[in-house]
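Chemist: Pasting a structure below so you can have a look.
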2 protein chains.
Amino acid sequence: MTILPIEPLTRAAFAPFGDVIEAAAARGDYPINDGTAQRHHDIARIDCNAGDGHGLISIVHAQPRELPFAIVMLERHPLGSQAFVPLSPARYIVVVAESPEAAPRAFLASGGQGINYHRGTWHHPLLALDAAADFLVIDRGGDGGNCDEATLPHPYRLLRE
Amino acid sequence: MTILPIEPLTRAAFAPFGDVIEAAAARGDYPINDGTAQRHHDIARIDCNAGDGHGLISIVHAQPRELPFAIVMLERHPLGSQAFVPLSPARYIVVVAESPEAAPRAFLASGGQGINYHRGTWHHPLLALDAAADFLVIDRGGDGGNCDEATLPHPYRLLRE
């Protein structure tokens, strides 16, 4: 089975697939509230208005997965972006691909990094590590089929670190 | 100075002003990802599309405020909802009012509770307690004046607990 290397999650490497949600990724930084707070502004755009859609906020409580793990399928949300932000500094693995036929890439999110998949990005469902963790999820509500699934031509393997 | 009592933050009490973001507030609960995760679905709606608007994700790093604290002003965002979700179980105080002329109410958010102000809700800027904390903020980007400020007819005082 083809081994999928696990890369560090950086904005540059992840840019074709979405945004990394961390303070350093802001499009602007400025003080607010009489200087008692700093706003790291516009880290990710919410793109959930297709059709009658709207953005909504949910919480996902994820059990940890064990490595090694076989990646056999991907999914995408054709009608909206989807963000995951851990509500504690949990580690998780993000697997994305340009298409189900292309070789996927795997990134290790750590230290509280969140991610926002661009609308239509092929990705694997959440792969939490280490312990159960809560993630804030920002994605689309509204009518229309917003989840396509694809089985990969052959599986890929994530190895234990 | 009128003393403003600090109430516990509950969904029922906060409902006229916005949503409490916590798992128990979900409009639906269901397993996802082959049962390895539980989705607490649709806790809060993002209402940021007025005009050419869109939702965006930012991070605010807030210094703690000291009590007692005088509430002398409120603000509102007429074009969009605004959510704050602590990225650690930080405590903070949420002050809201039906109008600048009405008596405000103060709520203590604790244990990781987030809040989503409905579009147009009068509220005080973020009042973190105890220690500096990061908050995920979900509000509106786009043209148009989206912040009104009002000085209160007389100040209210938040007392040390």
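The values are calculated or read from the model by the stated rules, or taken from the named source; none is laboratory data. Please read these numbers as outputs of a predicted model, since none were measured by experiment. Cβ placement follows ideal geometry from the backbone for every residue including glycine, while neighbour counts extend to all protein chains displayed. When the accessible area is computed, the model is the full protein with side chains, heavy atoms only, and any ligands, DNA or RNA have been set aside. Shrake-Rupley method; radii C 1.70, N 1.55, O 1.52, S 1.80 Å.
Chemist: With region A:60-161 as the region, which strands (runs of 3 or more DSSP E) entirely inside it contain at least 1 residues that are of a type in the set (S, T, N, Q)?
Modeler: A:82-86, A:114-117, A:148-158
Chemist: Right, another one. Just checking, does region B:2-20 include any residue being touching a Leu at 6+ places or on another chain (Cβ under 9 Å), facing another protein chain (nearest Cβ under 9 Å), within 16 Å of A:LEU136 (Cβ to Cβ) and at pLDDT 95 or above?
Modeler: No, region B:2-20 contains no residue that is touching a Leu at 6+ places or on another chain (Cβ under 9 Å), facing another protein chain (nearest Cβ under 9 Å), within 16 Å of A:LEU136 (Cβ to Cβ) and at pLDDT 95 or above.
Chemist: If the Cβ limit is 7 Å and pairs must be 6+ apart or interchain, which residue in region B:112-131 that is within 11 Å of chain A (Cβ to nearest Cβ) and within 15 Å of B:PRO86 (Cβ to Cβ) pairs with which residue that is open to solvent by 30 Å² or more (accessible area, probe 1.4 Å) and aromatic (Phe, Trp, Tyr)?
Modeler: B:LEU127/B:PHE69
Chemist: When region A:130-147 is examined, which residues are found to be open to solvent by less than 50 Å² (accessible area, probe 1.4 Å) and touching an Asp or Glu at 6+ places or on another chain (Cβ under 9 Å)?
Modeler: Once the filter is applied, which keeps residues that are open to solvent by less than 50 Å² (accessible area, probe 1.4 Å) and touching an Asp or Glu at 6+ places or on another chain (Cβ under 9 Å), region A:130-147 yields A:ARG140, A:GLY141, A:GLY142, A:ASN146.
Chemist: Could you run through region B:11-43 and say how many residues are under 20 Å from A:HIS54 (Cα atoms), open to solvent by 40 Å² or more (accessible area, probe 1.4 Å), of a type in the set (D, E, K, R) and not in a loop (DSSP other than H, G, I, E, B)?
Modeler: Residues flagged as under 20 Å from A:HIS54 (Cα atoms), open to solvent by 40 Å² or more (accessible area, probe 1.4 Å), of a type in the set (D, E, K, R) and not in a loop (DSSP other than H, G, I, E, B) within region B:11-43 amount to 1.
Chemist: OK, next. Consider region B:49-68. How many of its residues are more than 30 Å from A:GLY51 (Cα to Cα), within 11 Å of another protein chain (Cβ to nearest Cβ) and either open to solvent by 20 Å² or more (accessible area, probe 1.4 Å) or under 13 Å from the mean Cα position of the chain (by Cα) (or both)?
Modeler: The qualifying residues number 6.
Chemist: In region A:1-30, which residues are polar (S, T, N, Q) and within 20 Å of A:LEU87 (Cα to Cα)?
Modeler: A:THR10
Chemist: Turning to a different aspect of this structure: Residues in region A:98-110: is at least one in contact with a strand residue (DSSP E or B) (Cβ under 6 Å, 6 or more places away or on another chain) and within 25 Å of B:HIS54 (Cα to Cα)?
Modeler: no
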